[in-house]
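Okay, so here's the structure we're looking at.
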Amino acid sequence: MKTFLILMFVAMVARGTEAPPNIVFILADDLGYGDVGCFGAQDVRTPHLDKMAAEGFRLSSFYAQPVCGPSRAALMTGCYPIRIGEVENGKNGHTLPHTKEVTMAEMLRDAGYRTGIVGKWHLGMTQGGDPQSQGFEHAYFTPAFNGASREIRPNASFPFMRKPGVVARTIKTQADMDTLTADCTREALEFIRGSKEKPFFLYLAYHMPHVPLGASAAFREKSQRGLYGDVIEELDNAVGQVLAELKKLSLDENTLVVFTSDNGPWISPQIGDHGGSAGIFRGGKLDTWEGGWRVPGIVRWPGKVRAGEASDEIASTLDLVPTFATFSKAKLPDTKLDGLDLAAFLTKPGATSPRETFFYHNGTRLCGLRHKEWKVVFPRPARGEMPYMPNWLTGHIGPLQEIQMFNLRVDPAESKNLAADHPDVLKHLTEIAEQSRATLGDYSGPGKETRFFDVAPRWPATKP
């Protein structure tokens, strides 16, 4: 009995002094749910992501935001973009978080982590909004996206920077674009190799498969889905290199790796087959339908995260700030968060997700919400009728004449409107929506919990 108690004490001490995990967060750009093999893709090969899912936990109801800037803001702060305080109290199509907002990187840096960003930033560069000012000690980044057209445009160059004013290289041509994935992978591997002395946080934000597309010669004309498929297969290979390096350095068993996308695929005649697939879901990037918000989610941490399992319970990139705080023993920001702690859900067999509700904002408009298996989508006007949001953001979702409600468990494609068949459910969901509008705001103006930091006019109340 005495020996048993001693062993228990030793185990408790060991658990209490266990080193916090390294954290690698890998973000694709505009990758669709239907672009990854383990999420249903048939015409593109993703063996490394498939293996990562087989060794980890696959999340099939994992939500981001519908477009680049808001998605990154939600990830970095653990808050819906409509809650976040922005520069000069504005509300922008691509969210510009105020420097008083605490980021995931600042939280982990203050907990003793070495922090690094490689890839796309897209959260502003003015008034101290650059990555280093927001918690990243190491940086190799582009301030914004790689373009907004199918082909790279003349005179549309963009820089890779080490810090504001320090340009490492400039992307000018298609040949340059073809190097983006490999170059970011190279930098990521160097960061990992140089981060052995203390826990590290790597935010690896790939530019692909956002247009203009680019792929290395080794991957060109290799897939069954043209250049887009080539890009995905190189991205998959890049993830494989990161995982292999962690094993090579004996860091694998103490590294939490998360892979997802910032939003669904860009589906538009403007880019044609240079856009991705939302799989079984309706719509795509910038939409209110599932295809724009539901993204591949894979979490891996050998011996800790549930391995070889999948879950259709709701989770979101919003939830990563509190989840990483639990795993790292970091202090959470003092501000109100929308994220929920997924640590038990990810690690304990049979545990359920704490998230039951998720809100779909397109700009400042609450366009819909999901509560458990039910999703409601609210009527909305045509483009140009959503104040303080540019038409490029709001114009993609189109008008909707009547309220619609779906049971996503049985109808994930949102094909059958059940609003008239379940009035009690519809009433409950509309009540949840009203509570959200009061706290977070809507197109008519801010809510009581919307944050403002500057002495300046707030985005004002307007008529619908």
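Things to note:
- Residues in region 151-175 that are in contact with a helix residue (DSSP H, G or I) (Cβ under 9 Å, 6 or more places away or on another chain) and more than 19 Å from A139 (Cα to Cα) were compared, and the one that is surrounded by the most Cβ atoms within 10 Å (Cβ to Cβ) is I152.
- Just so you know, in region 91-133 the residues that are of a type in the set (A, V, I, L, M) and part of a loop (DSSP other than H, G, I, E, B) include one that is farthest from Y443 (Cα to Cα), and it is A111.
- When G165, G124, G116 are checked against the criterion of being touching a residue at least 40 places away in the same chain (Cβ under 8 Å) and of a type in the set (G, A, S), a single residue qualifies: G116.
- Test for E313: is it surrounded by fewer than 24 Cβ atoms within 10 Å (Cβ to Cβ) and acidic (D, E): yes
- Taken over region 182-211, the criterion of being in contact with an Asp or Glu (Cβ under 7 Å, 6 or more places away or on another chain) and either of a type in the set (F, W, Y) or surrounded by fewer than 24 Cβ atoms within 10 Å (Cβ to Cβ) (or both) is satisfied by L189, I192, Y206.
- Qualifying residue in region 56-74 (condition: more than 25 Å from I267 (Cα to Cα), at pLDDT 95 or above and either crowded, with 24+ Cβ neighbours inside 10 Å or not charged (D, E, K, R) (or both)): yes
- Contact map, region 265-287: residues that are under 19 Å from P399 (Cβ atoms) paired with residues that are surrounded by fewer than 23 Cβ atoms within 10 Å (Cβ to Cβ) and of a type outside the set (K, R), Cβ distance under 6 Å, separation 6+ or inter-chain. Pairs shown: R282/A413; R282/E414; G284/I267; L286/H396.
- Of the numbered criteria (1) of a type in the set (D, E, K, R); (2) surrounded by 19 or more Cβ atoms within 10 Å (Cβ to Cβ); (3) touching a residue at least 40 places away in the same chain (Cβ under 8 Å), the one D230 fails is (3).
- If you go through region 415-437 and keep only what is closer than 16 Å to G447 by Cβ and without any contact (Cβ under 8 Å) to a residue 40 or more places away in the chain, you end up with E431, E434, Q435.
- Test: A175 is under 21 Å from the mean Cα position of the chain (by Cα), aliphatic (A, V, I, L, M) and at pLDDT 95 or above: no
- The lone exception for A148 - which of (1) surrounded by 22 or more Cβ atoms within 10 Å (Cβ to Cβ); (2) among the hydrophobic types (A, V, I, L, M, F, W, C); (3) over 19 Å from A73 (Cα atoms) it fails: (1)
The values are calculated or read from the model by the stated rules, or taken from the named source; none is laboratory data. In this text the structure is predicted, and so the values were computed from the model without any measurement. Note that we place each Cβ from the backbone using ideal geometry, even for glycine, and neighbour counts take in every protein chain shown.
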